[in-house]
1. Farthest toward the dipole's positive end in the chain, which of G90, V100, S78, given Cβ charges of +1 (Lys, Arg) and -1 (Asp, Glu) about the Cα centre?
2. Grab the DSSP H runs of the chain that are 4 residues or longer, score each as -39,500 (n - 2.57), total them, divide by all residues and round the 222 nm result to the nearest 500 deg cm²/dmol.
3. Given a Förster distance of 45 angstrom, what is the FRET efficiency for R25 paired with E96, based on the Cβ-Cβ distance and rounded to 0.05?
4. Just need the relative contact order of the chain here, percent rounded to a whole number, with Cα pairs under 8 Å and 6+ apart.
5. Please list V36, V149, V49 from largest to smallest accessible area, probe radius 1.4 Å, with all protein chains kept in place.
6. Counting other Cβ atoms within 10 Å, which trypsin sites (Lys or Arg not before Pro) in segment 160-215 have at most 11 and lie in a DSSP loop?
7. I'd like the Kirkwood hydrodynamic radius of segment 45-160, using the inverse of the mean 1/r over distinct C-alpha pairs, in Å.
8. Under a point spin-label approximation (7 Å from Cα along Cα-to-Cβ), what is the Q160-E183 distance to one decimal in nm?
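The values are calculated or read from the model by the stated rules, or taken from the named source; none is laboratory data. Small disclaimer: the values here were computed from a predicted structure and weren't measured. Don't worry about glycine lacking a Cβ; one is built from the backbone with ideal geometry, like all the others, and counts go over all protein chains shown. With ligands, DNA and RNA removed, areas are computed over all heavy atoms of the protein, side chains included. Shrake-Rupley method; radii C 1.70, N 1.55, O 1.52, S 1.80 Å.
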Amino acid sequence: MSKIDWMQVFSANLGKMMAIQENARKYVVKDRNWNVDFRKGIIAFGEDVFPIQMIGTESNESNTWNWGWNNINDFPDSVIQLANEALQKGETWKLEPLIVEQFEMGEVFNGHTLSIVACGINDEKCFYYRCPHSRGAVFVAVQNVPDEVFQPVLISDFFQITLSCIFQQFPVDHKVFLENFLEWNQTPFVWNGDILTAHFEKDLRIKFKLEDNEYFISEMKMA
């Protein structure tokens, strides 16, 4: 993975974060009402309260993203530590999307894709949550959540997450996505030519094709 290439950094973090997000929906959010207090740095889902970090904001009025480290709302420094760490890594890696404080949103750059990377590269375990309001949304990282949120997924969930990410939602480097998702999932895998075999409770066989010097998934089968 090249850390100066946004597509590769995003692809490396996408699979694990989608698994984490789905686990968070089941074990933390549970379709409950939420309430956030940025001064206290907390979010509540029902009666359960968790610490948060403010990642950044989306504006419906200007269609722009603003990183939390820009801190236009004058939040306490303790609430923007994660955003500051993303900025520091962006400066070290020379990864422009983590460095530019505000820019126009689109398919590639928006609150979801930027939060996936900000949370994925952070050293602390967390998931992200979108808090909508009348003029846009605030994206927060939710911390100190149950370990179940970060547990590996079974082959059926891995298969569905991969299909959703690669063929429906995002521009992705298929090879970087698969290898990093499998490593996070603690699933051993081997390459044999253009075929990757992942050893779940049963094998998942993934065939790649090379087009314009890029690898694309052409077939996935469960043994």
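1. So the residue we want is S78.
2. Numbers: 5 runs with 63 residues, N = 223.
Helix-only estimate at 222 nm: -9000 deg cm²/dmol.
3. That pair, R25 with E96, gives E of 0.90.
4. Here the relative contact order equals 23 percent.
5. V49, V36, V149
6. Listed in order of number, the matching sites are K202.
7. 15.0
8. Here the answer is 2.7 nm between the modelled labels.
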